[in-house]
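What follows is one structure encoded as structure tokens, with my remarks underneath.
The values are calculated or read from the model by the stated rules, or taken from the named source; none is laboratory data. The model shown is predicted, which means the values in this text are computed figures rather than measured ones. Counting neighbours? That spans all protein chains shown, and the Cβs are built from the backbone with ideal geometry, glycine included.
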Amino acid sequence: MTYFYRPADGHGLPHDPFNAIVAPRPIGWIATVDAQGRHNLAPYSFFNALNYRPPLIGFSSNGWKDTVANCEATGEFTWNLVSRAQAEQMNATSTTAAVDEFEAAGILTAPSLEVEPPRVAASPVSFECRVTQIIDLQTSAGAFAGSRFTVGEVVGVHLEESVLVDGVFDTVVADPVLRGGGPTAYFGIDQALRFDMRRPD
């Protein structure tokens with residue numbers, strides 16, 4: 001037997017399973033500045049890599065939030081990898097209060113080289129990005145879905161040397177935090193769960 005539902009009619013479950021099924025998801029910890037240079041830092045769980053060359057990443061924002069407004073106003077943002085050591089600080093930056101999340105969560109900034117928004121100093125990986133598109137997501141009927149999808153071209157990459165093992169990025173060493181299902185679930189990556197496959201020629 002299977003459980004079937006039409007999303008338009010509701011799921012009838014204690015928690016919407018959609019984002020639990022598409023999981024675990026990397027977190028888009030996005031730093032921006034507004035037109036007056038004020039800092040903003042917010043996590044987005046609808047985030048991923050989109051293209052190799054040029055490298056493109058994107059995140060979806062439910063509603064018109066400060067991050068999207070800042071991206072539209074300045075055309076720039078940084079993405080910062082959330083490692084397990086920053087999990088609690090990342091969670092603190094999900095506040096909707098009108099504050100400088102860097103300052104409120106006790107997060108040190110590091111300067112970027114190609115864009116104005118700062119980086120999270122303790123993050124083992126940061127991307128400096130220039131906005132290429134901000135897309136109003138639509139339903140199958142063409143109506144506005146209520147979310148904006150922001151795409152950025154990665155124009156600068158910062159890597160802690162510790163995450164490079166023999167010149168190869170080591171995901172386990174970076175220890176990324178991944179968003180799971182339900183209201184509170186997060187996951188990590190364990191070397192014991194690794195397996196390798198090569199693509200066929």
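Brief remarks follow.
- Every pair of residues 6+ apart whose Cβ atoms lie under 9 Å, when the first sits in the stretch 8-28 and is without any contact (Cβ under 8 Å) to a residue 40 or more places away in the chain and of a type in the set (Lys, Arg) while the second is outside any loop (DSSP other than H, G, I, E, B) and surrounded by fewer than 17 Cβ atoms within 10 Å (Cβ to Cβ): none
- Test for Ala145: is it among the small types (Gly, Ala, Ser), surrounded by fewer than 21 Cβ atoms within 10 Å (Cβ to Cβ), at pLDDT 95 or above and touching a strand residue (DSSP E or B) at 6+ places or on another chain (Cβ under 7 Å): yes
- Summed over the stretch 36-57, residues that are surrounded by 17 or more Cβ atoms within 10 Å (Cβ to Cβ), of a type in the set (Phe, Trp, Tyr) and more than 18 Å from Arg119 (Cα to Cα) total 1.
- The single residue among Gly182, Gly188 that is surrounded by 11 or more Cβ atoms within 10 Å (Cβ to Cβ) and at positive phi turns out to be Gly182.
- Among residues of the stretch 100-111, those that are of a type in the set (A, V, I, L, M), touching a helix residue (DSSP H, G or I) at 6+ places or on another chain (Cβ under 9 Å) and either without any contact (Cβ under 8 Å) to a residue 60 or more places away in the chain or not in a loop (DSSP other than H, G, I, E, B) (or both), counted: 2
- Filter result for Arg194 (over 16 Å from Val125 (Cα atoms) and either of a type in the set (Val, Ile, Thr) or under 19 Å from the mean Cα position of the chain (by Cα) (or both)): no
- Selection within the stretch 73-98 - out of contact with any Leu (no Cβ under 6 Å at 6 or more places or on another chain) and among the hydroxyl-bearing types (Ser, Thr, Tyr): Thr74, Thr78, Ser83, Ser94, Thr95, Thr96
- Any chance Val33 is at pLDDT 95 or above, touching a His at 6+ places or on another chain (Cβ under 7 Å) and surrounded by 13 or more Cβ atoms within 10 Å (Cβ to Cβ): yes
- Selected residue (criterion: modelled with the lowest pLDDT) from residues of the stretch 151-179 that are surrounded by 15 or more Cβ atoms within 10 Å (Cβ to Cβ) and farther than 13 Å from Ser83 by Cβ: Arg179
- If you go through the stretch 112-156 and keep only what is assigned to a loop (DSSP other than H, G, I, E, B), free of Cβ contacts under 8 Å to residues at least 12 places away in the same chain, within 18 Å of Ser61 (Cβ to Cβ) and not aliphatic (A, V, I, L, M), you end up with just Thr139.
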